[in-house]
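Below: the structure, in structure tokens.
The values are calculated or read from the model by the stated rules, or taken from the named source; none is laboratory data. Note that the structure is predicted; figures quoted are calculated from it, not measured. Glycine also receives a Cβ, built like all others from the backbone with ideal geometry; neighbour counts cover every protein chain displayed. In case anyone asks, the SASA skips ligands and DNA or RNA and just uses the protein heavy atoms, side chains included. Shrake-Rupley method; radii C 1.70, N 1.55, O 1.52, S 1.80 Å.
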Amino acid sequence: MHPSEVKALLESRLDGCEFHIQGEGCDFQVVAVGEVFEGLSRVKRQQLIYGALSGEIASGALHAVTIRTYTPEQWQSAAENKGA
């Protein structure tokens, strides 16, 4: 898979989020920004992303996925946003 394919999958399955995807093959880093994460624990946030990619993970198309999630307010001060 390509980062653009992972991004398209996530965008079609999770509304109202902005995604930044890096990686190649079956190993990707996902940064997701959205209001949907407001008030959710870190685990619940990651479960939303894993749930959206569950079919691809089960099939082996995606093997390793690193996830970081932010609300828009958190993203404003996130270090990784400074270069994005």
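Among residues of the range 47-65 that are without any contact (Cβ under 8 Å) to a residue 12 or more places away in the chain, those with a beta-carbon under 8 Å from a residue that is open to solvent by 40 Å² or more (accessible area, probe 1.4 Å) at least six positions away or on a different chain give the pairs Ile57/Tyr50; Ile57/His63.
Within the range 21-38, being within 13 Å of Val65 (Cα to Cα) and out of contact with any Cys (no Cβ under 9 Å at 6 or more places or on another chain) holds for Ile21, Gln22, Gly23, Glu24, Gly25, Cys26, Asp27, Phe28, Gln29, Val30, Val31.
Answer with yes or no whether Lys44 is touching a helix residue (DSSP H, G or I) at 6+ places or on another chain (Cβ under 9 Å) and open to solvent by 80 Å² or more (accessible area, probe 1.4 Å). Yes; evaluated as a whole, the condition is true for this residue.
For (1) at pLDDT 95 or above; (2) of a type outside the set (Gly, Ala, Ser); (3) open to solvent by 90 Å² or more (accessible area, probe 1.4 Å), each residue gets a yes or a no:
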| site | (1), (2), (3) |
| --- | --- |
| Ala32 | yes, no, no |
| Glu35 | yes, yes, yes |
| Glu38 | yes, yes, yes |
| Ala52 | yes, no, no |
| Gly60 | no, no, no |
| Ala64 | no, no, no |
| Thr69 | yes, yes, no |
| Gln76 | no, yes, yes |
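For the range 2-30, the set of residues classified as among the small types (Gly, Ala, Ser) and surrounded by 13 or more Cβ atoms within 10 Å (Cβ to Cβ) consists of Ala8, Gly23, listed by residue number.
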